Amino acid sequence: MNPLLHSMLEHGAYTVLSDFEQQTEITALARELIIDAVSSLQGERAASAVRKNGLETLHLHLPASQIGALRDRVMVQLRPRLLGFACAVGRGLLGIEEEFFVDDYTILRVNYPYEAALNADHSSENPGIGRVDPNTRNQSSSTQRRDPVYAPKEYHRHTPPASWAHGPHKDTWTGHSRDGINLWWAISRVSKENSMIFYPGTFKKSYEVDPRSLYLAQGFPLPAPRKMALHEGEMLIFNPELLHATHLNTTPHTRIALSARINPRQPRFNPNCFYAREFWHSSTDLEAGRTDAIRQFARAEHFEASEKVPAEQPAERRNLLTLKAELTRNGQDCRLDLSHIPESAERILVLTPQGQRVLLLRSDPHWQAVQEVCPHLDISLADGHFDGKNIHCPAHGVSFRTNDGKSACKLLKLQTWKTTEEDGWLHLIA
Ligand code: FES
Ligand SMILES: [Fe+2]
């Protein structure tokens, strides 16, 4: 088997492609189509400003409520090129010899800076929503199912959809096929603070999924995140069964990426997922230039339980030690009896008499103390990676300095406590 394909399928690999066929051409085409769409939606003046100052400034010239219309305009023209390109990657770079499949669902991901997206209205689109062929849309709307438990608006705390970012997940949790290989193409520059995030070591491990968000359930400690900065035109190719997420865009720049998916064999779906991406293009059709020919792999007839793929190791759940603190004599701060803290403990949840939840992180030889939940969506930071100076939110990757609680975004800051040890007590000073 082709070594890249083998490493993708067997080891859940991810890699950056910096120089590939059609790279310059399609990156430039995507850029021009976006600028043309701005011109029709907002006028020539806005379009020239984007042309001059870069796609990273798109949020200054196009309201978030028009991102959906921009995607419609761009994708209708870009889709045949993107499908053909994905097919060429499968055949050439990945060396797939048999017939394979390219997902009809392609995404133009337009992520506005978080602060700007928060001002968008509630009719704005989630940046992770893609487009399908108009024929597919008609076909699928007649059979559309709705998961009664899935509640993305609650997970996102009713913020405008334009500000949403993906929590950690594997793609089969959300209805994508098994054995998928994803292409994720940076159309504008990507920084670590608006990138895709990978969690190495999570491939072939099973986790619990939160059915309300279809993201990783709380309670699973995450390894150090790999935040993938990319130059304009670079592409990630990866196995989406490695846990991955989107970094909340805490930069002042719009980030634009294109994505497509290849399946080296007939698509099969996770029976535990309510949804399935059933519509595909075969390499035979695409190589013959038939970009509008669709094949449907009906969910009910194409299940594959995870047992049929190589054995998965269950991931360990975190058992977070929880201790109650008591008030100190000054009546404002609180303290913990150090003899209650085992030497092996690395992080502890402290419940204060004032009703706060404090996360203690061991940073030898001392402890750092921060509020337990992330100010973005109130998700516990206890599962996030701590590098000794920063805690990385396990949901959308924002990193907070544990000494002063600051992040790259001025809207997102943690409360911190000073810690001192005295006479067998650990004092938390607000
Ligand atoms: S960054 Fe989103 S919940 Fe923390
Ligand atoms: Fe994904």
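The values are calculated or read from the model by the stated rules, or taken from the named source; none is laboratory data. What you see is a predicted model; the values in this text were computed from it and never measured. Neighbour counts run over all protein chains shown; Cβ positions are idealised from the backbone, glycine included. All accessible areas refer to the heavy atoms of the entire protein, side chains included, with ligands and DNA or RNA removed. Shrake-Rupley method; radii C 1.70, N 1.55, O 1.52, S 1.80 Å.
Here are some notes:
- Selected residue (only one of ALA49, ALA30 is in a helix (DSSP H, G or I), among the aliphatic types (A, V, I, L, M) and touching a His at 6+ places or on another chain (Cβ under 7 Å)): ALA49
- Among the residues of the range 97-129, the ones that are open to solvent by 10 Å² or more (accessible area, probe 1.4 Å), assigned to a loop (DSSP other than H, G, I, E, B) and touching a strand residue (DSSP E or B) at 6+ places or on another chain (Cβ under 8 Å) come to 4 in all.
- The sole residue among ARG189, ARG212 that is within 16 Å of ligand 1 (Cβ to nearest atom), open to solvent by 40 Å² or more (accessible area, probe 1.4 Å) and at negative phi is ARG212.
- Where THR251 falls short, out of the listed (1) open to solvent by less than 40 Å² (accessible area, probe 1.4 Å); (2) hydroxyl-bearing (Ser, Thr, Tyr); (3) farther than 25 Å from PHE400 by Cα: (3)
- Residue in the range 172-191 that is touching a residue at least 12 places away in the same chain (Cβ under 8 Å), more than 16 Å from ligand 2 (Cβ to nearest atom) and either more than 22 Å from GLY84 (Cα to Cα) or part of a helix (DSSP H, G or I) (or both) present: yes
- The strands (runs of 3 or more DSSP E) located wholly in the range 346-419 that include 1 or more residues which are out of contact with any strand residue (DSSP E or B) (no Cβ under 6 Å at 6 or more places or on another chain) occupy 357-363, 366-371.
- Residue pairs meeting the criteria (Cβ under 7 Å; at least 6 apart or on separate chains; first closer than 13 Å to ARG109 by Cβ, in the range 52-71; second hydroxyl-bearing (Ser, Thr, Tyr) and not in a helix (DSSP H, G or I)): LEU55/SER188; LEU55/THR254; LEU58/THR254; ILE67/SER124
- For the range 52-96, a tally of residues being more than 17 Å from HIS253 (Cα to Cα) and in a loop (DSSP other than H, G, I, E, B) returns 3.
- Qualifying residue in the range 391-406 (condition: open to solvent by 20 Å² or more (accessible area, probe 1.4 Å), in contact (Cβ under 8 Å) with a residue 60 or more places away in the chain and under 28 Å from SER163 (Cβ atoms)): yes
- In the range 146-161, the condition of being at negative phi, within 15 Å of ligand 1 (Cβ to nearest atom) and touching an Asp or Glu at 6+ places or on another chain (Cβ under 7 Å) is met by at least one residue.
- Only listed residue being crowded, with 16+ Cβ neighbours inside 10 Å, over 20 Å from the mean Cα position of the chain (by Cα) and farther than 14 Å from THR172 by Cα, chosen from SER259, SER282: SER282
- Given (1) in contact (Cβ under 8 Å) with a residue 24 or more places away in the chain; (2) surrounded by fewer than 19 Cβ atoms within 10 Å (Cβ to Cβ), index of the condition ARG137 fails: (1)
- Among the conditions (1) under 29 Å from ASP383 (Cα atoms); (2) open to solvent by 50 Å² or more (accessible area, probe 1.4 Å), the only one that TRP184 does not satisfy is (2).
- Residue within the range 345-352 that is open to solvent by 60 Å² or more (accessible area, probe 1.4 Å) and either more than 27 Å from the chain's Cα centre (by Cα) or not aromatic (Phe, Trp, Tyr) (or both) present: yes
- Candidates ARG329, ARG357, filtered to the one that is of a type outside the set (Asp, Glu), more than 13 Å from ligand 1 (Cβ to nearest atom) and surrounded by 14 or more Cβ atoms within 10 Å (Cβ to Cβ): ARG357
- Scanning the range 49-78 for residues being open to solvent by 50 Å² or more (accessible area, probe 1.4 Å) and polar (S, T, N, Q) gives a total of 3.
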